[in-house]
Amino acid sequence: MFDKDELQQHISKQFDQELVDIHSRILAMGGLVEEQVQLGVKSLIEADAELAERVVADDVKINSLEVSIDEECTQILARRQPTARDLRLVMAVIKTITDLERIGDEAKRIAYHAMDLSRQFPKRNQFTDLEHLATHVGVMLHDALDAFARMDVEQAFRVVQDDKVANAEYESILRQQITYMMEDPRSIPVCLDIMWSARSLERIGDRACNICEYVIYYAMGKDIRHISLDQVQKDLKGE
């Protein structure tokens, strides 16, 4: 006959392992999403239709992971009925996989624009600012996933702050492409693809910020979605 305390300890360890497992799986999903974004941008810059097609085809892997992890979280909620920090972790995971899946969708959209551009022969210098935005957003996504891996509130907050720079770069690209279209109407198809790709990158930055908000929610039990950055910073410092 099992001792009650021993049984409880066994159940607790099993639950801990389930939490570790979903944490690991979401990081694996994040790594795949990062790669999709990088390859999507590369296919755009290099007008590589074959690579773009690969990015589109591989999106199904991300969708599959989202469904699988979501099901695992549902099972944990049903069986374990977690509370406090454990519940916040599961909820953070559920929300994060949704954002990761949508980042994958944005990478796929960029790949579709790459297919269009591969038939239009754009000028290489038209991508300079877009590459810069892609690099910045890529760092934001990587840092957001790193913050999630370590549940690092300070790093999460830094990523949220970086979104201001990404937004400014995006707006600069829009102004630049509008100028090109006014100067030469023949450039409109290329400029539109670049603008829509920049829009996807800006949204990826927003999704990275969302992931960081979930980290802060887990660590602090505080929803910062509708709170100013200044107030959040004060809260982090305990003011």
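Classify region 127-172 as rounded, prolate or oblate, taking a ≥ b ≥ c as the square roots of the eigenvalues of its Cα gyration tensor: rounded when a/c is under 1.5, otherwise prolate if a/b is larger than b/c and oblate if not.
Oblate is the answer for region 127-172, as a/c is 1.5 or above yet b/c matches or exceeds a/b.
Roughly how tilted is helix 84-117, in degrees to the nearest 10 and between 0 and 90, from the longest Cα axis of the chain?
Roughly 20 degrees between the two axes.
Would you work out the relative contact order for the chain, in percent, from Cα pairs under 8 angstrom that are 6 or more residues apart?
Details: 273 pairs, mean separation 58.0, N = 239.
Value for the chain: 24 percent.
Let's see if you can work this out: charge +1 on each Lys and Arg Cβ, -1 on each Asp and Glu Cβ, no other charges. What is the dipole magnitude of region 85-196 about its Cα centre, in debye to the nearest 20?
Working: 14 positive and 19 negative charges, 41 e Å.
Rounded to the nearest 20 debye, it is 200 debye.
Stretch Glu50-Thr98 to full length: gain in nm at 0.36 nm per residue minus the Cα-Cα span? Walk me through the numbers on the way to the answer.
Numbers: separation 48, 0.36 × 48 = 17.28 nm, distance 2.75 nm.
Computed gain between Glu50 and Thr98 is 14.5 nm.
Could you order the peptides 16-25, 128-137 from most to least packed, using the average number of other C-beta atoms within 10 Å per residue? Can you show the working numbers first?
Details: 16-25: 14.1, 128-137: 18.6.
The packing order, highest mean first, is 128-137, 16-25.
If you add up the charges near Ile173, with Lys and Arg at +1 and Asp and Glu at -1, over every other residue whose beta carbon is less than 13 angstrom from its beta carbon, what do you get?
On the way: positive: Arg175, Arg199; negative: Asp129, Glu131, Glu169, Glu171, Asp193, Glu202.
So the surrounding residues net to -4.
What percentage of the solvent-accessible surface of the chain, computed with a 1.4 Å probe over protein heavy atoms, is contributed by carbon and sulfur atoms?
Values: 6440 of 12650 Å².
For the chain, the apolar C and S fraction of the accessible surface comes to 51 percent.
State whether the chain is rounded, prolate or oblate according to the following rule on the C-alpha gyration tensor (a ≥ b ≥ c being the square roots of its eigenvalues): a/c under 1.5 gives rounded; otherwise a/b larger than b/c gives prolate, and the remaining case gives oblate. Please report the intermediate quantities before stating the final value.
On the way: a/c = 3.65, a/b = 1.85, b/c = 1.98.
In terms of gyration-tensor shape, oblate.
Helix 153-183 sits at what angle to the longest principal axis of the chain, using alpha carbons and giving 0 to 90 degrees rounded to 10?
So the inclination is approximately 20 degrees.
Please give me the summed charge of the neighbours of Ala198: other residues whose Cβ is under 9 Å from its Cβ, Lys and Arg +1, Asp and Glu -1.
Values: positive: Arg199; negative: Asp129, Glu169, Glu202.
Taking every Cβ under 9 Å from that of Ala198, the sum is -2.
Where only protein heavy atoms count, and the probe is 1.4 Å, what is the accessible area per residue for the chain in Å²? All intermediate terms of the calculation are to be shown ahead of the outcome.
Details: 12650 Å² over 239 residues.
I get 53 Å² per residue for the chain.
Testing the spin-label approximation: label points 7 Å from Cα along Cα→Cβ at Leu192 and Gln38. State their distance in nm.
Here the answer is 3.3 nm between the modelled labels.
The values are calculated or read from the model by the stated rules, or taken from the named source; none is laboratory data. Keep in mind the model is a prediction, meaning the values are calculated, not measured. All Cβ positions, glycine included, derive from the backbone under ideal geometry; neighbour counts span all protein chains shown. Please note that ligands, DNA and RNA were not included when accessible areas were found on the heavy atoms of the full protein model with its side chains. Shrake-Rupley method; radii C 1.70, N 1.55, O 1.52, S 1.80 Å.
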